[in-house]
Amino acid sequence: MRYVDGPTVECELHLAADPATVWELVTDIELPARFSPELQRVRWLDDRQGPTLGARFEGYNHHPALGEWRTISHIVQLDEPRLIGWVVLDPDNRFGGGTADPEHPGASWQFRLTAEDGGCRLSHSVRIGPGRTGLSLIIDQAPEQEEEIIERRTAALREGMTATLHGIRNLAEKPR
């Protein structure tokens, strides 16, 4: 797999919880930072307090190989209570991609809920690219190892996404 191919990761989990409860959790943009090893904090921009198509939020990330950086995300898919998707941009041009463009994101993320067996199936997915990211910088340093670098990154993403899904499940299934 090469970067230009748009590497993807998708993880899913069944939750014994009402889809409305799960929807409330996955649309809380601050929630993933509680479980992610990379995402540190998030906040709505434009005086928004909830998800709407076009809403933007700012994220702060940290990775041992890349240090700290800021992102701006735009909600580009919203089909309540089934789907929320957002694209991630590099507003500070930290990774050399030029002007931040929602049509050319560094990554596209999504949560998808499907009612199933008295609860729901929650899917969490990401597509890397086509815009530049920290992964691009690492590949630039060792282009002959691109496939291995991408394998390591997708494995790390899978691990973090799985932890996020389990964290959401623990919250959703907790007695209220």
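The values are calculated or read from the model by the stated rules, or taken from the named source; none is laboratory data. Keep in mind it's a predicted model, so treat the numbers as computed, not measured. Cβ sites come from the backbone with ideal geometry, for glycine too, and all protein chains shown count toward neighbours.
I'd like to check which strands (runs of 3 or more DSSP E) are fully inside the range 67-135 and have at least 3 residues that are on the phi > 0 side of the Ramachandran plot and not polar (S, T, N, Q).
Qualifying strands (runs of 3 or more DSSP E): none found.
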Inset, instruction - Could you figure out which of (1) touching a residue at least 60 places away in the same chain (Cβ under 8 Å); (2) more than 28 Å from residue 175 (Cα to Cα); (3) surrounded by 13 or more Cβ atoms within 10 Å (Cβ to Cβ) isn't true of residue 14? - result: (2)
Legend entry - Residue in the range 117-154 that is nearest to the chain's Cα centre (by Cα), counting only those that are closer than 30 Å to residue 22 by Cα and of a type in the set (Gly, Ala, Ser): 125
Legend entry - Residues located in the range 29-85, provided they are out of contact with any helix residue (DSSP H, G or I) (no Cβ under 9 Å at 6 or more places or on another chain), surrounded by fewer than 15 Cβ atoms within 10 Å (Cβ to Cβ) and of a type in the set (S, T, N, Q): 49, 52
Legend entry - Lone unmet requirement of (1) among the aliphatic types (A, V, I, L, M); (2) in contact with a strand residue (DSSP E or B) (Cβ under 7 Å, 6 or more places away or on another chain); (3) in a helix (DSSP H, G or I) for residue 150: (2)
Inset, instruction - Would you tally the residues in the range 38-59 being of a type in the set (Lys, Arg), farther than 23 Å from residue 81 by Cβ and not in a strand (DSSP E or B)? - result: 0
Inset, instruction - Scan the range 39-61 and report the pairs whose first residue is farther than 22 Å from residue 79 by Cβ and whose second residue is in a loop (DSSP other than H, G, I, E, B) and among the polar types (S, T, N, Q), with Cβ atoms within less than 9 Å and a gap of 6+ or a chain change. - result: 61/36
Inset, instruction - Go through the range 124-146 and count every residue that is closer than 13 Å to residue 8 by Cα and either among the small types (Gly, Ala, Ser) or exposed (fewer than 13 other Cβ atoms within 10 Å of the Cβ) (or both). - result: 2
Inset, instruction - Among the candidates 153, 121, single out the residue that is surrounded by 13 or more Cβ atoms within 10 Å (Cβ to Cβ), modelled with pLDDT of 95 or more, closer than 23 Å to residue 172 by Cα and of a type in the set (Lys, Arg). - result: 121
